[in-house]
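The values are calculated or read from the model by the stated rules, or taken from the named source; none is laboratory data. Everything numeric here is computed off the predicted structure, so don't read it as measured data. Note: ideal-geometry Cβ built from the backbone for every residue, glycine included; neighbour counts use all protein chains shown. Ligands, DNA and RNA are excluded from the accessible area calculation, which covers all protein heavy atoms including side chains. Shrake-Rupley method; radii C 1.70, N 1.55, O 1.52, S 1.80 Å.
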Amino acid sequence: HNIEVLDFTKMATNFFGSLDDEVNYLKTYEWLNFNKMLHIEKQDLIVIAGRPAMGKTAYSLSLALQLAKNKHHGIFFSLEMSPTQLFKRSLSQLSGIPLSKFNRDGIMNFTDDEDKSLTLAKNEMSKLNDNFKVVSGNFTIELIKQQIEIVSQFKQLNYIMIDYLQLIKPENNSS
């Protein structure tokens with residue numbers, strides 16, 4: 001029998017020291033110390049589940065934006081939200097302005113500092129456009145595969161996110 005006494009201090013030092021090693025991970029630098037908590041490997045399937053209105057879409061979109069900032073190419077499918085809703089959520093996250101300030105009727109009263117933050121966020125969104133595609137609509141699996149193939153012709157995708165799997169339409173009415 002092989003007996004090994006564990007030295008937790010040494011193991012912790014080795015473990016946390018190796019987190020920054022270049023491996024097959026999708027990095028999310030400086031995002032809530034996410035790399036220190038979890039490594040997302042390229043072949044991982046991650047399911048984010050929860051009760052309604054718990055922030056699943058906000059979390060997923062935030063993660064996708066952070067991955068895009070770190071030069072990872074991906075596509076985010078939203079089967080629930082309109083392009084306008086997704087744009088406002090993205091702009092809110094990048095600017096740090098609460099989503100509640102983006103009114104439905106288009107009347108938005110921003111402070112001068114918020115206007116500056118919006119300008120910076122708009123510029124950042126333009127830079128992220130090469131790394132991050134958002135597709136909104138009603139999809140079947142086949143339509144999702146087609147969109148992935150189209151985007152993959154131009155960039156190798158590092159991640160694919162599908163918001164609200166339950167809304168994927170069946171291929172035909174008998175399914």
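Per-structure values
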quantity	calculated
Karplus-derived HN-Hα couplings along region 122-137 (A = 6.51, B = -1.76, C = 1.60, θ = phi - 60°), whole Hz, x at Gly and Pro	4, 5, 5, 4, 4, 5, 6, 4, 5, 9, 9, 10, 10, 10, 10, x
Computed E for Asp44/Ser100 - FRET, C-beta separation, R0 41 angstrom, nearest 0.05	0.80
Net charge of Cβ neighbours under 11 Å - reference Ser90; Lys, Arg +1; Asp, Glu -1	+2
Accessible area in the full protein assembly, largest first, 1.4 Å probe, for Lys133, Lys71	Lys71, Lys133
Nonlocal amide H pairs with Thr140, under 5 Å, H built at 1.01 Å	Lys169
For Ile40, residues with placed amide H under 5 Å, excluding near neighbours	Leu26
Extension reserve of the Phe87-Ala58 stretch, reckoned as 0.36 nm per residue once the Cα distance is removed	9.3 nm
Solvent exposure ordering (accessible area, 1.4 Å, most first) of Ile75, Ile162, Ile168	Ile162, Ile168, Ile75
Amide H contacts of Phe132 (H built 1.01 Å from N, under 5 Å, at least 5 apart or other chain)	Gly74
